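Just so you know, all these numbers are worked out from the coordinates, no wet-lab data involved. Just so it is clear, the structure is predicted and the values come from calculations on it, not from any experiment. Cβ sites come from the backbone with ideal geometry, for glycine too, and all protein chains shown count toward neighbours.
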Amino acid sequence: MSETPVDSSKRTWIITSACAGAVGGVAAAVPFVSTFQPSEKAKAAGAAVEVDISALQPGEKLTVEWRGKPVWIIRRTKEQLDDLATLDSQLADPDSKRNPDEFTPVYARNTWRSIKEEVLVCVGICTHLGCSPVDKFHTGAQPSLPADWKGGFLCPCHGSTFDMAGRVFKNKPAPDNLEVPPHMYLSETQLLIGEDKA
């Protein structure tokens, strides 16, 4: 039985068609594969944020946005720092041992929950249901707060209270202290929020 020879013009046509099909397939696949990469907007949303804190005075708070979350930067007064050590018995997690990898980097596992004692950097979102607590820096009795209030934050939605280090008080709905995001100092007055490795 003899084989039928393939016409050379047909062979050329088949090869050309196959090559065109392969090129078309690659062209169609490139945009599809590129959708797996994060967009520029997504990259920017997760990017670290550089903040100048040189104008921040004791007792003042600055709010910046990082990954769509409010990040508070607070320069605490000497009195506020001194009060932190007196509150341990009233706090649910004074040493930030509960869920430390999620809420407190190693360098912030101290009484102040910060790199520098006077500067607190924390995410301003309650760990209960994601509400945003309000500042209650003034001391003393106030609505929804105890008579010996030393200053901190109150979540008005369900009553969770936090001290000036973002540590949650006992018997409150919030299960954890406020999150301390990764951060580092680029200089004495320049903070980088979102990264903590040189």
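Amide H contacts of VAL119 (H built 1.01 Å from N, in plane; Pro and chain starts excluded): ARG76 sit under 5 Å, all sequence-distant by 5 or more or on other chains. As a calculated quantity, the FRET efficiency between LYS197 and ASP135 at R0 = 35 Å, using C-beta atoms, amounts to about 0.70. Summing Lys, Arg as +1 and Asp, Glu as -1, what charge do residues with Cβ under 10 Å from the Cβ of HIS183 carry, HIS183 excluded? Here the charged neighbours net out to -2. Taken over the alpha carbons of region 44-193 as equal point scatterers, the Debye sum produces base-10 log I(q)/I(0) values at 0.09, 0.11, 0.14 Å⁻¹ of -0.25, -0.37, -0.62. Using 0.36 nm per residue and subtracting the Cα-Cα separation, the extra length available between SER17 and TYR185 on full extension is 54.4 nm. So which trypsin sites (Lys or Arg not before Pro) in region 89-146 are both in a DSSP loop and have at most 11 other Cβ atoms within 10 Å of their Cβ? Counting only loop positions with at most 11 other Cβ atoms within 10 Å, the trypsin sites (Lys or Arg not before Pro) in region 89-146 are LYS97. When we measure straight from the Cα of LYS136, which lysines land under 27 angstrom away, once same-chain ones fewer than 8 places off are left out? Leaving aside lysines fewer than 8 places away in the same chain, those within reach of LYS136 are LYS61, LYS69, LYS78, LYS97, LYS116, LYS150, LYS170, LYS172. Each peptide among 83-89, 157-163, 174-180 gets the average number of other Cβ atoms lying within 10 Å of its residues, and from highest to lowest they stand as 174-180, 157-163, 83-89. Per-residue Karplus couplings for region 117-127, computed as 6.51 cos²θ - 1.76 cosθ + 1.60 with θ equal to phi - 60°, are listed in order as 3, 7, 10, 9, 10, 8, 7, x, 10, 4, 7 Hz, Gly and Pro entered as x.
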